[in-house]
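The values are calculated or read from the model by the stated rules, or taken from the named source; none is laboratory data. This structure is a prediction, so every number in the text was calculated from the model and none was measured. Glycine also receives a Cβ, built like all others from the backbone with ideal geometry; neighbour counts cover every protein chain displayed.
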Amino acid sequence: MKNKITRSIVKNSLALLMLALPAGLILALVYTSSSGPIAEQQRLAQEALLAELFSDASYDNNLLEDRLSLDPQSDNFSNTELLALRETSFAYRLRQRGQMSGIIIPAIARDGYNGDIALLVAIRRNGEISAVRVTRHRETPGLGDKIELPVSDWILGFESRSLENPDSPQWTVKDAGGVFEQFTGATITPRAVTEKIRDVLQFYALNQDQLADL
């Protein structure tokens, strides 16, 4: 009787195994066939975002390949803490005939109303901002989310600004004595973004030659 039960268990286990093997193979094939196109779509989306930040500039290099590692724990650059990065991230350079014409620098405003606000700040070689985009945040819909371009054009107000335009004390929102607009009922979010963009400009000014030459 015991042998009969054992044979039955073995038989059922083999049957389940035979059913599971094809399913596993199908899943593996689906993953293999789809992972390539997904990765390519992600690469194209990232490349499009970087190009959008310098829509008025010409360059002859591959932005995704011409990148610099920014390690918050490293001393490769001066005052990396200005960027407030939580992990190693990348800056992307534009080049024309081998010369850097601009750079895209990541940063995090840690003092958003609901936490971190991730930014990409595109800076021309002369220190002027080409564009800024928010890439991640958890700000309140209808209030703080106006930092997003699809929701509001507020973020466009930083284009062509620099450390000298306006002067440093005015690099904040109007409620704090600056020149930049805030949102009705939501001052914390725009102030966090504005002052972090200023920090990125300061980081660029301190490391301009090194960022261009590495």
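List of remarks:
- Qualifying residue in the range 76-83 (condition: assigned by TED's automatic domain parsing to the domain that holds residue 160, touching a Lys or Arg at 6+ places or on another chain (Cβ under 9 Å) and either within 25 Å of residue 117 (Cβ to Cβ) or at pLDDT 90 or above (or both)): yes
Here is a yes/no grid of residues against (1) out of contact with any Asp or Glu (no Cβ under 9 Å at 6 or more places or on another chain); (2) free of Cβ contacts under 8 Å to residues at least 12 places away in the same chain; (3) farther than 16 Å from residue 211 by Cβ:
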site	(1), (2), (3)
38	yes, yes, yes
45	yes, yes, yes
49	yes, no, yes
63	no, no, no
74	yes, yes, no
78	yes, no, no
84	no, no, yes
103	yes, no, no
116	yes, no, yes
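- Residue list for the range 112-169, restricted to those being of a type in the set (Gly, Ala, Ser) and touching a Pro at 6+ places or on another chain (Cβ under 9 Å): 118, 144
- For the range 77-91, the condition of being in contact with a helix residue (DSSP H, G or I) (Cβ under 9 Å, 6 or more places away or on another chain), in a helix (DSSP H, G or I) and of a type in the set (S, T, N, Q) holds for at least one residue.
- Of the residues making up the range 165-214, those that are small (Gly, Ala, Ser) and touching a strand residue (DSSP E or B) at 6+ places or on another chain (Cβ under 6 Å) are 192, 212.
- Meets criteria (in the same structural domain as residue 88 (by TED's automatic domain parsing) and more than 26 Å from residue 63 (Cβ to Cβ)) for residue 183: yes
- Residue 191 vs. criteria surrounded by 14 or more Cβ atoms within 10 Å (Cβ to Cβ), under 13 Å from residue 121 (Cβ atoms) and modelled with pLDDT of 95 or more: no
- Filter result for the condition that a residue is more than 26 Å from residue 68 (Cα to Cα) and in a helix (DSSP H, G or I), over 178, 157: 157
- For the residues 107, 91, 118, the requirement of being at pLDDT 95 or above, over 15 Å from residue 203 (Cβ atoms) and under 16 Å from the mean Cα position of the chain (by Cα) singles out 118.
For (1) among the aliphatic types (A, V, I, L, M); (2) at pLDDT 95 or above, each residue gets a yes or a no:
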| site | (1), (2) |
| --- | --- |
| 147 | yes, yes |
| 164 | no, yes |
| 167 | no, no |
| 195 | no, yes |
| 203 | no, yes |
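- Scan of the range 54-76 for residues that are crowded, with 17+ Cβ neighbours inside 10 Å and part of a strand (DSSP E or B), ordered by number: 68, 70
- You will find that of 21, 50, the residue that is closer than 19 Å to residue 124 by Cβ, modelled with pLDDT under 90 and of a type in the set (A, V, I, L, M) is 50 and no other.
- Consider the range 112-140 and keep the residues that are of a type in the set (D, E, K, R) and outside any strand (DSSP E or B). The one that is nearest to residue 167 (Cα to Cα) is 128.
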